Each structure stands twice: as structure tokens, then as C-alpha cells.
Amino acid sequence: MKIGLLGFGVVGRGLYDLMQGRPDMQIKTVVCLEDVQLTDAKVTKNFQEVLEDDSIDTVVEAMGGLHPAYEFVRAAMEAGKNIVTSNKALVATFYDELIPLAQEKGLLFRCTAAVGGGISWLSELERTRRTQTVEAVGGIMNGTCNYILDSMTRLGQDYAEALAEAQKLGYAEANPTTDVEGIDTWHKVILSSNIGFGVSLIPETVPVCGISKIKASDVENFKAKNLVCKLISTGKQENGKISAYVQPTLVPQGQPEAAVPANYNLITLVGSASDRMSFFGQGAGRYPTAHNVFQDCVDVLCGKGFYSPYGEKVAACNEGKLCYYVSGVCDSFIEANKAETWGNAVVTGPVSVSEMHAWLKNNPDAFIAAIQ
Ligand code: HSE
């Protein structure tokens, strides 16, 4: 197997290190913008050198971002090369194009590190769906948000302080919007649902709410009720309908999600035979993530392609009702649904997920958390 590696940052460098001494795989060319010296691989800034090299059968994309990752991956596929990527934004955004293209061209396409970083989540989801119906997927899929919420809960930090710490430790990006507004988790739950349920979810029908509006006073309110706030993703298949969403959620102390520390992930599936199976581990980081990219390369070498056949496009239907904690804004809609007050916040009676998220769109200063 000869590999063209795109990107030599955290994950690309990690893969290079882990593959050292592997006789059946060779990173032949590395495309990156940095000045890197390697004795056993060619380093270039020019992607064409990978594209035009017929001896390279597999492209590993570890650049991140949508562009030019999309253009490079698409061109590599058109040229008949297999793909391994850790890029969840790329796969979730261009799912309808890349997955059918891989099928049509008979190419192998793997992206295990795209969800859960170092956790073998997508590959286990793939195995699960061979023998039973996947009824639900979801959980804690973003280490940055978990780190911030955990620091606020355990150390009493306020949001800005916890975020600054997460940035200092390299968990959050310098521009943390994708993490804290839930977009990273949104990509991950869409991808997990697509693979687990064998569909192609229409992304606009999956509502997302992040954690950027949470205050220390909210966390005090949760502690008083023995609840812990986590950013939870949900994908569910029930009576032929799929619901999917991302939102802060209050979980009782004692539930596994409540105990997830620091930047760890806890991702769960519910199978018709196996019931609940949870996967705990590092959702990011050089060697954990690179290890899953490496696993995907081994899978490609063994002829293993995408996790599930491309399925039909479906809209998520989020009519299920939940009670919500709401702070920061109290208007006539919240008053009309009010069931209780917790400190300066309101707890609603059951409201549908879609209705609550539609309200939030018009009230972006509010913080909401579903009560589990
Ligand atoms: N930024 C992500 C996280 C890591 O904090 O979990 C990669 O998905």
C-alpha cells in the first residue's frame, strides 16, 4: 500500500510516527505547507504530485477544514484512489456526493477517526449493524465542551475561565466556535446516524444548540438538584422515524455521562439485541486519533470499504417532547410553558424539541438544557 498523506499537523505527524517500521504500508508523499524534512518520504506543497502518481493507491486526508480538503479528496477519488480521512466536517457535509461516488467507483472510503477521535466507535457501529437494528446513537462527542462543563461543575470556574484553560491545553481551537456552538458534535451525530441507521440525514433538519451561553449561576442551579450539564447528541430510530439533535442536557448524578471527566468522550449505541453499549475514551489528540486513521489504512489494505451502504435522504423529525431549563430570556412562550422556577431560571413542562429549538433561534441569548 502506497499512501499520499495530506497534512502533517497533529494527526498526520502522528500517523507517520505510528507507521514507522510497518513493512506493508509506505507513506510515499506528504503534502503540507510547513517545511518538513523526512528521509523516507517525499515532502511537497503540490497536491498534483500525489494525484499524478499512479503508484499511490490511497490518500489519507488529515488537513481538516472543508477547502481544499474536499477538492483534493474528490480529485483523488476521480483518479481512482482509496480515501482515509479524519475530517468529520468533510464527510458529513459532502456525504451525498462522496459516499455514492465511492460506491460507484468501487473505492474504499474510511473515516473512523472522524467521530470519537481515538475511540473505535464507527468501526464498532459498522459491526453492530451487521447483526441487529441500531435503535439509537449519541452521547458526549466533543472533548472541548466536556472539559469546559466539567471545569465549571467541579472547579466552580466561569465559562470564560474554563474556555481559556481548554484553549491553553490545546483542546479548543483558537476560534472555538465549532466546538462550543455544537457544530463539531452536530457533524458527528449526523455521520453516526447515517451509518447506524443506513440513511442520509438532511443536515438542516438536525437542530443544534451549544454551550456558549451557560453561566456559573446555571451550574449552581443544577448542583442544587444533583444534576450535571453535558453537551449530548441524540440520534434515534423509532416507528420508522428518525429524530436527531444536539443540545445541553441535564443528567442525574450517577448516570455514566455525568461522570465523564475532562476532555473524554462517552458514545453510546442502543442495539435491538445488545441493548446499550458505551464507548469511553480520548475523542482527540495526536496518537489516539492517528491510531484510528492507521486502523482504517489496515482496513483498506484488507479491502474493507465504507461502513454501510448509502441510504435514502431523510429529514429528522423532532416532535418528541422534553422539559427544558431556560435562563437568560423569559418571554411569553416560556411563561406559557413554565412548570417551575429554579433560582432565576425557568423549567418548562414538556415542549417538542423542534419547537424549543425554533424558539431559541429567535432568542440567541438564552441558555437551554433538556432535562433527561
Ligand atoms: N475539537 C474536537 C473536540 C476534537 O474537542 O472534541 C476533534 O473532533
*Mind listing just one residue for me: the one in region 90-120 that is more than 19 Å from PRO203 (Cβ to Cβ), over 11 Å from the mean Cα position of the chain (by Cα) and within 16 Å of the ligand (Cβ to nearest atom) and, of those, surrounded by the most Cβ atoms within 10 Å (Cβ to Cβ)?*
ILE119
*May I ask you to list the residues in region 335-355 that are in contact with a Lys or Arg (Cβ under 9 Å, 6 or more places away or on another chain) and of a type in the set (A, V, I, L, M)?*
VAL346, VAL347, VAL351, VAL353
*If you go through region 153-203 one residue at a time, how many are touching a Lys or Arg at 6+ places or on another chain (Cβ under 8 Å), charged (D, E, K, R) and farther than 19 Å from GLY117 by Cα?*
1
*Have a look at GLY182, GLY235, GLY156, GLY210 and point out the one that is on the phi > 0 side of the Ramachandran plot and either under 17 Å from the mean Cα position of the chain (by Cα) or hydrophobic (A, V, I, L, M, F, W, C) (or both).*
GLY182
*In the list VAL219, VAL251, which residue meets the criterion of being of a type in the set (Val, Ile, Thr) and not in a strand (DSSP E or B)?*
VAL219
*Would region 185-197 turn up any residue that is surrounded by fewer than 16 Cβ atoms within 10 Å (Cβ to Cβ) and more than 14 Å from the ligand (Cβ to nearest atom)?*
no
*asked:* Can you confirm whether PHE279 is in contact (Cβ under 8 Å) with a residue 24 or more places away in the chain, crowded, with 16+ Cβ neighbours inside 10 Å, more than 16 Å from the ligand (Cβ to nearest atom) and of a type in the set (Phe, Trp, Tyr)?
replied: no
*(1) within 16 Å of the ligand (Cβ to nearest atom); (2) in a loop (DSSP other than H, G, I, E, B): which one isn't true of PRO309, the others all being true?*
(1)
*Filter pass, VAL134 being at pLDDT 95 or above, closer than 30 Å to PRO248 by Cα and in contact with a Phe, Trp or Tyr (Cβ under 7 Å, 6 or more places away or on another chain)*: yes
*Among what's in region 31-71 and is without any contact (Cβ under 8 Å) to a residue 12 or more places away in the chain and within 25 Å of the chain's Cα centre (by Cα), pick the residue that is nearest to ASP299 (Cα to Cα).*
GLU71
*From VAL347, VAL300, VAL293, VAL326, which residue is in the same structural domain as VAL206 (by TED's automatic domain parsing) and farther than 28 Å from ASP179 by Cα?*
VAL300
*Given the conditions (1) without any contact (Cβ under 8 Å) to a residue 12 or more places away in the chain; (2) in contact with a Lys or Arg (Cβ under 7 Å, 6 or more places away or on another chain), and given that SER332 satisfies all but one, which numbered condition is not satisfied?*
(2)
*From VAL180, VAL260, VAL246, grab the single residue that is under 25 Å from ASP158 (Cβ atoms), within 16 Å of the ligand (Cβ to nearest atom) and either touching a Phe, Trp or Tyr at 6+ places or on another chain (Cβ under 6 Å) or at pLDDT below 95 (or both).*
VAL246
_Of everything in region 124-169, what is within 12 Å of the ligand (Cβ to nearest atom) and hydroxyl-bearing (Ser, Thr, Tyr)? Give them in sequence order._
THR144, TYR147
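The values are calculated or read from the model by the stated rules, or taken from the named source; none is laboratory data. The structure presented is a predicted model; accordingly, all values stated were derived computationally and were not measured. Ideal geometry is used to build each Cβ from the backbone, glycine not excepted, and the neighbour counts take in all protein chains shown.
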